[in-house]
Each structure stands twice: as C-alpha cells, then as structure tokens.
Amino acid sequence: MDGIDVLVSEVGPRDGLQSIAPIMPTAAKLAWIDALVAAGLREIEVGSFVPAQLLPQLADTGEVVRSVKARHPGLHVAVLVPNAKGAEAALAAGADKLTLPLSASETHSRKNLRRTHAQVFEEVQRIVDLLSALPEGKRPQFEGAVSTAFGCTLEGAVPQSKVVALAEKLVALGCDEVGLSDTSGYANPAQVRRLVTAVQGAIGAERMTGLHLHNTRGLGLANVVAGLEVGVTTFDSSQGGLGGCPFAPGASGNIVTEDLVFMLEAMGLRTGIDLDGLARARAILRAALPDEPLYGFVPDAGLPLGFERAA
Ligand code: ZN
C-alpha cells in the first residue's frame, strides 16, 4: 500500500447510518465525507444499493457515489450490494468496490437478507458475469463479506469449517477477495487468529484481506491487534461508532475510527489519517445528527501529551 501500513476503511456513511432513524440529508453526508477525505481516509463505504423503501436512509446512494467520485477522484468508493440488481446500480454510479454480504449463519441469512446461501451464490454468479463483461481496468473490486463469521445471535457458535467453506466458494465463484465480519461482537483475539489463519490457508493470504469488527463486548481493538499479528492490513471502522449496536442499547457497534487510528499510529503503523482532521469530521457529523450518541475514548480523553503519529 502506497505510503501506509494499514488501510482503515470508513463504513460510517453506510453501516453507521443504516441503523439510525433520522435521515441525514445528502448535502450533510457529502460534507461529512469531504471532511473524512481531508483527514486522510482513502476508502469509504458510502452507501448500499438496497431498495429505497427498505432503507430510506440510503436511498440517495447513487447520487452520493456520483458526487463523491466527482469531488474525490482518488478516493476508493465502496458500496454494499445485496444482489445483482444492486451491482448494476453500483456500476452505473461508478463505484470502485462492491461488497456483497453473505451470512455464515443460514438462519441469519434467511431472516436478514431473505435468502438462502444457494440464492446468494446465484447473485454472486450474476455479479461476476456483469463484471467479466467490463473491459479490464474498468472492473470494480468485488469482495464477498462473510458476516456472523465469529458467531450469530440466532444460531450461536458458527463452525470454523463452515466459514472456510463459504470463503472457498466465494473465491471459486469469482470474488476477488473475502472479508470476515464479526456482526454480533462475539469474536475474541484467539479466535480471530485461528479463523483468519484458516481462511488464509484455504484461499491465500492475498485474498483474505479485511476484517469488520465490532466492539459490542469491548474486544474490538484487541481483535484488531490479533488480526494484525496474522497479517491482516484492512480494517473497517465507523466514525464515532455511529449507529451503536442494535442488539445492545448503549453499546457501540462498529469499532470507532478515532480509537482505531490512534492505536495504529501509536503502534508505529502508518494509516495516512490525521486525528485532528478526524475531529473536524466528527464535528460535522455531530452537527448533522445532534441527537445520535457518538462513541470513542480518544475523542473524550484527547491525545496523550507528546503523542506523535507514525512516521
Ligand atoms: Zn458493522
């Protein structure tokens, strides 16, 4: 990676906003994203191509992608696509990265995505066909994101062999890479090391790229360190832990971007992200959503005296 050691992928504008009721106006989203880019974020998941009636908060995703691409040509603009129809819209808007969620727990998949694994694989195949028809160099990156990979609120423990098999299947179908998501905040560091190593062994470390971790039980950053130890270099996080945790009121969901960046930089790992710039972006978010709880230890405590970014 160009000049950085770890890619922090901001998912607040999608994952964070998705779970809150007040609709953030498009202009406010763009102002927030502008500030995140100014702070040094290189990849931002800006929305989701789901039907507007299901998720009014993200109904402007097409417009957001187009505007952000025009304003920040160098930014890696990521979107969630639940199916081939969403992928078509993402391609039309010019997204750089498509992420398709697949829940390791079949119960969760049927309830939340309303699809069996077989049906999700059909959509993956359709998306791969769409992408293959594009000229090389014009194809967005396509990631299969295995959610509930570390445990599920409906099924409990998820067998490691199942996650490995799903990762293999996604790559066999044509996904460029696979990410693992701790959707319910069940993961612990030993499990992260074990599962990531197993998936790397099955599909290759270069295809097992990212971790999406939650801090529901306070292990979010410990799990990041475990991921770093086994070679993971991309971590999702959300500014202010926006959106909280739908299963545990008062608890943060996604790990907090400010805390993640602080930890990485303090450990000597370059993120390219400036913490003062993140504070400015947080102020814009705070002003746009005055009643939403925002989380983070570093925003509350401030930086330690003498703190220096990784050089
Ligand atoms: Zn999340």
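The values are calculated or read from the model by the stated rules, or taken from the named source; none is laboratory data. From a predicted model like this one, the values you see are computed outputs, not experimental measurements. With ideal geometry, Cβ positions are generated from the backbone for all residues, glycine too; neighbour counts draw on all protein chains shown. To get the accessible areas, we keep the full protein, side chains included, count just its heavy atoms, and leave off ligands, DNA and RNA. Shrake-Rupley method; radii C 1.70, N 1.55, O 1.52, S 1.80 Å.
Values computed for the structure shown
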read-out	value
Residue-wise HN-Hα coupling along segment 27-37, computed from phi with Karplus coefficients 6.51, -1.76, 1.60 (Hz; x: Gly, Pro)	4, 5, 4, 5, 5, 5, 4, 4, 5, 5, 5
Residue-averaged 222 nm ellipticity for the chain, from DSSP H runs of 4+ at -39500 (n - 2.57), nearest 500	-12000 deg cm²/dmol
Area accessible to solvent at ASP291, 1.4 Å probe radius, in Å²	140
Residues whose placed amide H lies under 5 Å from that of ALA145, excluding near-sequence neighbours	LEU100, LEU102, GLY179
Built amide H within the under 5 Å cut-off of GLY47, gap 5+	LEU80
Whole-number percent relative contact order across segment 7-301, with pairs defined as alpha carbons under 8 Å at least 6 apart	19
In Hz, Karplus ³J(HN,Hα) per residue of segment 10-18 (6.51, -1.76, 1.60; θ = phi - 60°; x = Gly, Pro)	7, 10, x, x, 10, 5, x, 5, 4
Sequence-distant aspartates and glutamates (8 or more away, or on other chains) whose Cα lies within less than 15 Å of LYS138	GLU88, ASP96, ASP129, ASP176
Solvent accessible area, Å² - ARG110, 1.4 Å probe, full protein context	120
Local net charge near ILE284, Cβ-Cβ under 11 Å (Lys/Arg +1, Asp/Glu -1)	+3
Note, ³J(HN,Hα) from phi for segment 134-144, Karplus 6.51, -1.76, 1.60, rounded to Hz, x at Gly and Pro	7, x, 4, x, 10, 8, x, 5, 10, 10, x
Carbon/sulfur fraction of accessible area - segment 7-301, other protein chains in place, 1.4 Å, %	54
Restricting segment 109-210 to GluC sites (Glu not before Pro) in coil, as DSSP defines it, with at most 12 other Cβ within 10 Å	GLU136, GLU206
Kirkwood hydrodynamic radius of segment 1-89, Cα pairs, Å	13.4
Å³ per residue enclosed by the Cα convex hull of segment 7-301	119
For the chain, accessible area per residue (1.4 Å probe, heavy atoms of protein chains only), Å²	41
Accessible surface ranking that places the most exposed of THR216, THR271, THR153 first, with a 1.4 angstrom probe	THR153, THR216, THR271
Computed accessible area, LEU130, all protein chains, 1.4 angstrom probe, square angstrom	50
Which of LEU221, LEU260 is most accessible, then next, and so on - probe 1.4 Å	LEU221, LEU260
Long-range amide H partners of CYS152 with built H, under 5 Å	ALA157, VAL158
